[in-house]
Amino acid sequence: MKPSQKQVNILYHSLQSRYDNAKLKRISNEANVFANYLNTLSGFTTIDAPHEVKHVGRVIVDGVLQLASDWNRQVGGTVRYITGVLSAATVSGFISFVQQHQRQPQTQFKVKNRETALLMVAQFFAGKGIETFDSLYKWLEPESNRDSLLTQNSGLQWGVFRIGNKTADYFRGLVGHWDAVAVDRGIRELLAAAKVISKFSNKYDYKEIRSIVQLTAVSHFDSRPLI
């Protein structure tokens, strides 16, 4: 999804308020290095993000279950199933659906005892006054709200499920925010191949790496200097 100029300006302003000039210049230079590296890869191209289905249940299920090692085999079928349940497209509808599933677990909704985690996340959103997909999209836009999702701030944790930086950004991506970057192993390996980061050092923290990737994406259509 190509952002509007207003959205790009908002990102620039956010980065300028987060970092001092020296750090911002370093991150911007790393983004240029990464962009140049990607352009050397055979067959590398950019694609538009798929149109997001406005279904809250889809977002919650995918966000909670995506920690599985094989998304297509372990998560994809469940996400597709819940997307077809129209009554679960809102927060309250999804809560009712999961509670009914707990009473009648013989449905095709396979979550491997993750119902509690799903309900915790849904009830957290409900507590923020979120009901529809559009209200969830709007709520996830500010960085402060995104940060409030983190387990360290929200207390959302059940078994192995917890919300760290990657999962919080994954939720933002699921609703379609153009600047969402869930920094995973694949992104880190690409950055290491470009010699932007090393597998054996903590040169940049999570949000700094995310900023590098965001600026790399922006560089395809906006070449203004940040500082």
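All of the numbers you see were taken from the coordinates with simple rules; none came from a lab. Just so it is clear, the model here is predicted, and its values are computed rather than measured. Glycine also receives a Cβ, built like all others from the backbone with ideal geometry; neighbour counts cover every protein chain displayed.
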Item to check | Hull shadow area, averaged, segment 56-175 [alpha-carbon convex hull, nm²] | outcome: 6.7 nm²
Next on the checklist: Need one number: the % of Cα-Cα pairs in segment 129-187 sitting beyond the 20 Å mark.
Outcome noted: 25 percent
Item to check | segment 1-41: equivalent-ellipsoid semi-axes (sqrt of 5 x gyration tensor eigenvalues, Cα, Å) | outcome: 21, 17, 5
Checklist entry - Does segment 128-227 come out rounded, prolate or oblate, given a ≥ b ≥ c as the square roots of the eigenvalues of its C-alpha gyration tensor, rounded meaning a/c under 1.5 and, failing that, prolate meaning a/b above b/c? => result oblate
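Based only on other Cβ atoms within 10 Å, what is the fewest-to-most ordering of ILE187, ILE130, ILE163? Before the final figure, lay out each step's value.
Values: ILE187 18, ILE130 22, ILE163 25.
Sorted ascending by nearby Cβ count, the order is ILE187, ILE130, ILE163.
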Checklist entry - If the limit is 24 Å between Cα atoms, which of LYS2/LYS138; LYS2/LYS199; LYS54/LYS138 go over it? => result LYS2/LYS199
Item to check | With at most 16 neighbouring Cβ atoms within 10 Å, loop chymotrypsin sites (Phe, Trp or Tyr not before Pro) (DSSP) excluded, longest segment of the chain | outcome: 45-199
Item to check | Cα-based reach from LYS203 at 28 Å (exclusive), listing lysines while leaving out same-chain residues under 8 positions away | outcome: LYS23, LYS25, LYS166, LYS195
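Can you list which of the DSSP-assigned H helices in the chain have a Cα extent of 15 Å or more along the long axis and an average Kyte-Doolittle score of at least 1.0?
Values: long enough: 5-18 (20 Å, -0.87); 21-40 (29 Å, -0.58); 91-103 (19 Å, -0.13); 115-127 (18 Å, 1.28); 165-175 (16 Å, -0.47); 206-218 (18 Å, 0.37).
Length and hydropathy pass: 115-127.
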Item to check | the chain - mean residue ellipticity at 222 nm from DSSP helices (-39,500 (n - 2.57) per run, n ≥ 4, rounded to 500) | outcome: -17000 deg cm²/dmol
